[in-house]
1. Taking segment 210-242 as the search range and keeping residues that are aliphatic (A, V, I, L, M) and open to solvent by 10 Å² or more (accessible area, probe 1.4 Å), which one is nearest to VAL361 (Cα to Cα)?
2. Pairs needed: first member in segment 667-681, within 12 Å of TYR701 (Cβ to Cβ); second member anywhere, outside any helix (DSSP H, G or I) and modelled with pLDDT under 95; C-beta distance under 6 Å; at least 6 residues apart or different chains.
3. Residue by residue through segment 19-39, note down the ones that are at pLDDT 85 or above and assigned to a strand (DSSP E or B).
4. What about ALA264, is it open to solvent by less than 10 Å² (accessible area, probe 1.4 Å), free of Cβ contacts under 8 Å to residues at least 60 places away in the same chain and under 29 Å from CYS215 (Cβ atoms)?
5. Taking only pairs six or more apart or across chains, which ones have beta-carbon atoms under 8 Å, a first residue in segment 458-483 that is touching a residue at least 12 places away in the same chain (Cβ under 8 Å) and within 16 Å of ligand 1 (Cβ to nearest atom), and a second residue that is open to solvent by 50 Å² or more (accessible area, probe 1.4 Å) and in a loop (DSSP other than H, G, I, E, B)?
6. Please indicate, with yes or no, whether at least one residue in segment 613-624 is in contact with a strand residue (DSSP E or B) (Cβ under 6 Å, 6 or more places away or on another chain) and either at pLDDT 90 or above or of a type in the set (Ser, Thr, Tyr) (or both).
7. Of the residues ALA621, ALA685, which single one is outside the structural domain of ARG731 (by TED's automatic domain parsing) and either touching a residue at least 40 places away in the same chain (Cβ under 8 Å) or over 17 Å from LEU573 (Cα atoms) (or both)?
Amino acid sequence: MYADIIVDITHEKLDKVFQYGIPSELEGVLKVGTEVIVPFGMGNRETRGYIVGFSDEAEYDETKIKEISRAAEGSVAIEARLVALAAWMKEYYGGTMIQALKTVIPIKRRERARKKRYIRLLLEEDEGKRQLDLYLHKNQKARARLLAALLDQPRQEYDLLTKKLNVTRTVVRALEEQNIVLVESEQVFRNPIRRKQEGSRITDHTQEQQHAIDCFREDYRRGIRRTYLVYGVTGSGKTEVYMEMIGEVLEAGGQAIVLIPEIALTYQTVMRFYGRFGDRVSILNSRMTPGERYDQMERVKANEVDVMIGPRSALFTPFPRLGLIVIDEEHEPTYKSEQVPRYHARETAIRRAELEGASVVLGSATPSLESFYACKKGDFQILELKKRAGHKELPEVFVEDMRREMKAGNRSILSDRLKKLIEVRLKRHEQIMLFLNRRGYAGFVSCRSCGYVVKCPHCDVSLSEHRNGKLVCHYCGHEELKVTCCPSCGSPYIGGFKAGTQQIEELVARQFPGARILRMDMDTTKTKDGHEKILEAFASEEADILIGTQMIVKGHDFPNVTLVGILAADMSLYSNDYRAGERTFQLLTQAAGRAGRGKSRGEVVIQTYSPEHYGIEMAAAQNYEGFYDAEMRYRELMGYPPVENLLAVLMTGPEEPLVDTAAGYLKEFALRAGRNRALKIVGPASPYVAKVNDVYRRVLYLKGADLRLLIGMKDKMERYIEINEGFKTMRIQFDFNPVNVF
Ligand code: ADP
Ligand code: ZN
Ligand code: ZN
């Protein structure tokens, strides 16, 4: 038997598996994931490595294979499980084992936690005073200073004290040797949560909440582990349900991970968990320094934490007794990694839960099609919350047809109805949110008179305007010339949509001179807490109107918001990928859900050029299932996920002709390798931004019902790329069922 070992994951170049022999005393002890010490290189330097597999046969000259020295000390079983997860990620999503390992064990060992040292007096007071007299008598001034200070306060911080008294290390050591003082080091962990807040626990659950909680509890107690989807309208109290489930898991001695999209990870949200579970809760966020993240992981390993809250990467928290992974807003595209391995947190969470005997709870008011489809197939258990908690009603929704506004002579960005409703709110001192939908906006071309949108005749997605003036399909590469008048109605008002949040702010300020306005977008949230500050200011009613992009859709409860205006609802509808309809429906429903969370019922105005599109119609009716049915018909017809699977192969390189040739070759190869298989290959196409920082990009798409077949194709292509010199200058990445267009 030989062990396959990855040596030192901090070296990208060593992305190779090395075979080592297993000494007899370690036989049967080693597992996949065990950390070991091995002799490495010419000098047989002792190096750390992870076992990623075992094999029976030697791949090189048997006499040259070295032996493992020993298992690394402090190598914990939890790391073994995470390494096993990494192995699965590499196999499933592509990339190298090192890239996968770095994803699941992201903190480098070199990063040391900041250690505080203390000097403690070991003598009783009288004894100490006698010693002090002795030092003074011998004229040992530094020792006397130190001892006097410690007699005042027997335990003080090393650095502070020595600096203040101006005593050297030698002096401290001398006292240490005389057994007068002790230098203690203490690991200090920078706990990101400072204040503690009393949690007002809701004991009166709605019937639906109670049913969901009971279902989970019963399963959990009986040892049943599975994936649940808490499908509950906005404001139905999903968080409350998660907390009860987590409580159940903690009581049974388990631990829980809660994934929340970064944008919704606000102080308010975190405090709800902290108020409930106290300081066994910890958080992660992307603004933390590597040191801060390392500290959090150390706290986990020191068994000080039972609930970890954070964005996607918190999924790899090294809990040894993981019982539950919650993924809130599971439909959010940020759960998909943009770096190799391009993993999806939902799929990876389900895999981790399988490996560790945990359950997964997904939650959303607008579930991803994948998850709802899985419920229909019986793979996930659905738990439904149809009503808002606390006797609150869903808001009333108006759809304003902007084509009609234009015909009536209103060229403004605000419809008449929205204008009037804003006036009413300002008079009543209620708050307003204006939401500019820009997600996935990629330069589609539409007619402002009739709403016509230019689409690809083959793929049924919008074409995007490229800088060279051509309209391009991002899936198949179809191109056509830009039009100057609408092919449908002949109107000259055809073109791209250009308004941004800043223009809207200016316009609204002119229209309502007395109103206090806050704007939230990439520009105003650049600083570390910018995002949180704006939300806080709006929550404490320092402004009447909040204007923003999708950033404002989640995270805070604003009880005084009674009106939500959605400007340019279509923008994401005609983004150039097959998820455009789904994304639009989700955004509109979530945005609308911001209204009426306080005492009075809310109103929502959706402004659109395509009121008849089912994505808009169903969002206005707040009818998820209606949307699901319509959207699934489209996915079935076009063979898009979740009905079939899509593998994107993204190729980038510094020379355009080379990238083109390589893309051509790879397509040829894929066609040959996939011959006689139920597989469709489209492209290569140029992504919207075909060239970024002097790097050219091409994408090839493979489409097929059988995911295993696509994974097999990925493996074959990876090998083909590896053995062909021609691909050396290029970077090639694989992405299964991408959630963003490249
Ligand atoms: P969701 O995550 O489903 O949008 P939340 O969990 O944020 O909903 O709950 C919305 C609001 O309703 C919160 O202010 C929460 O405290 C409150 N809430 C939740 N459950 C109940 C309940 N059973 N009774 C009264 N209020 C509740
Ligand atoms: Zn038209
Ligand atoms: Zn096309």
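The values are calculated or read from the model by the stated rules, or taken from the named source; none is laboratory data. Worth saying up front: this structure is predicted, and the values here are computed from it rather than measured. Because the Cβ atoms are built from the backbone with ideal geometry, glycine has one as well, and the counts that use them run over all protein chains shown. Only protein heavy atoms, including side chains, enter the accessible area calculation; ligands, DNA and RNA are left aside. Shrake-Rupley method; radii C 1.70, N 1.55, O 1.52, S 1.80 Å.
1. Only one residue fits best here, namely ILE224.
2. Taking only residues 6 or more apart or on different chains, the pairs are LYS667/LEU700; ALA670/ILE681; LEU679/GLY704; LYS680/LYS703; ILE681/LEU702.
3. GLN19, TYR20, GLY21, VAL36, ILE37, VAL38, PRO39
4. no
5. none
6. Yes: one or more hits.
7. When all the criteria are applied, what remains is ALA621.
Okay, residues lined up against (1) at pLDDT 90 or above; (2) among the aliphatic types (A, V, I, L, M):
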residue	(1), (2)
TYR335	yes, no
VAL360	yes, yes
LEU394	no, yes
PHE398	yes, no
ARG403	no, no
